Structures are given as structure tokens and as C-alpha cells.
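Read-outs throughout are calculated quantities, based only on the coordinates presented, and are distinct from any laboratory measurement. Model, not experiment: these values are computed from the prediction. When we count neighbours, we look across all protein chains shown, and the Cβ atoms used for this are built from the backbone with ideal geometry, even at glycine.
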């Protein structure tokens, strides 16, 4: 897995090493982005359960807020979700909900790869989600924060923002014996993305950072 929230957290970041791009992402702004067009899943983040501030280089550190997350099936068919294996795959920030809706000014995005089968099995909790049902989980996106005024692609300055996170999640749709989770096979699963509803986030100025790799 490359530059996920976990591997990014403790990395010794330099401008050249940040595998992040900053660009406009219009489709993240509209109401349709709250629900994956394919999976019919709504994602809501909050509250923040805990936070880590991980050292990088002289210019950049990483803030990892651990959100409570909930997935709701807003479709008309049962779905099976692999809870515990979700991956944050993109982020949109703006100074207000209106700016986020109309003119998202920055997307923090990094390349991700789905975990290996071994990684998935270690954390996986398979849940059958009927229409209207909701399941609780957690999400830990990684935000690269810059200490300097000059712009560094893929980073933001401290302050108050409105945030949306795109999660990569493993879903099985219309599998045989949908009520029997143990009957699922790898052929049933697909990796799909869903955007969260907007949530407020505070990126504090000059937090106490640590070497997150050394703290493990």
C-alpha cells in the first residue's frame, strides 16, 4: 500500500516525497457526491474520537483525526460491507460549507491500493446492510499541514475547515445467500468509493508533534 493514512503518518516528508496532488474536483461538490452512484451508500463522519500529530520535515507534518463513521444503505437492495478495511482515498477542504459545495478549493489526494487479502482478514467485520440500515465504523484520514506560508502541493495551513473524505470500501452486491456472510467468496467483492457528508474540522496551529513510527 502506498501513502495511505497509516504510511503517510510517520513518513519523513519532503516536498519531493509527498505523493499528493492538489487540484479542483467538481464532482465532489454536488449533492450526488454524498451517495456513491454505484453502491447507494451514505457516509457520515463525526465526532472526532482522537487525534495524532505526526512529525515530517521542517515544513510539513501530518494530522490524523480519528472520526467515528457510519455507513447507511440508501438503496433498495441489501448490501454486504467489509467494515474495518476501509481506506481514505481523497479529501476536499474549504473554508465554508458554501465554498465546499460550489467551489472546492483544494483536494488532498494520494495514491492508494486495496490491502492484501491477509491485511483484510485481520481487520475485517462482514456486515449485511439492508435498505435503511446503518453500521458504525471509524475513519482516519491524513492531512498534510504546512508550517510555511509558501504553497506546497497537497498541503493546507492550520485553521478551521469544512472537510469531505472519500473512502474506498469493499462491497458485495446481490451475493448468493446474502444473509450468510460466511458464504461469500472473493468473486462477490468489489472495491468502491463513497464521499462523506461535509463535516467541520479544526487544524490547530503549532500542535505537539511526535514520531508516530517510533511510538508504535
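Using only C-alpha atoms and all pairs of different ones, pull out the Kirkwood radius for region 122-172 in Å with one decimal. Write down the numbers at each step before the final one.
On the way: mean 1/r = 0.0673 Å⁻¹.
In region 122-172 this quantity evaluates to 14.9 Å.
Panel order for 130, 170, by other beta carbons found within 10 Å of each beta carbon, from fewest to most: 130, 170. What the Kirkwood sum gives for region 43-100 is a hydrodynamic radius of 14.7 Å, with every pair of different alpha carbons counted.
Each peptide in 134-140, 62-68 receives the mean, over its residues, of other Cβ atoms within 10 Å, and ordering these scores from highest gives 62-68, 134-140.
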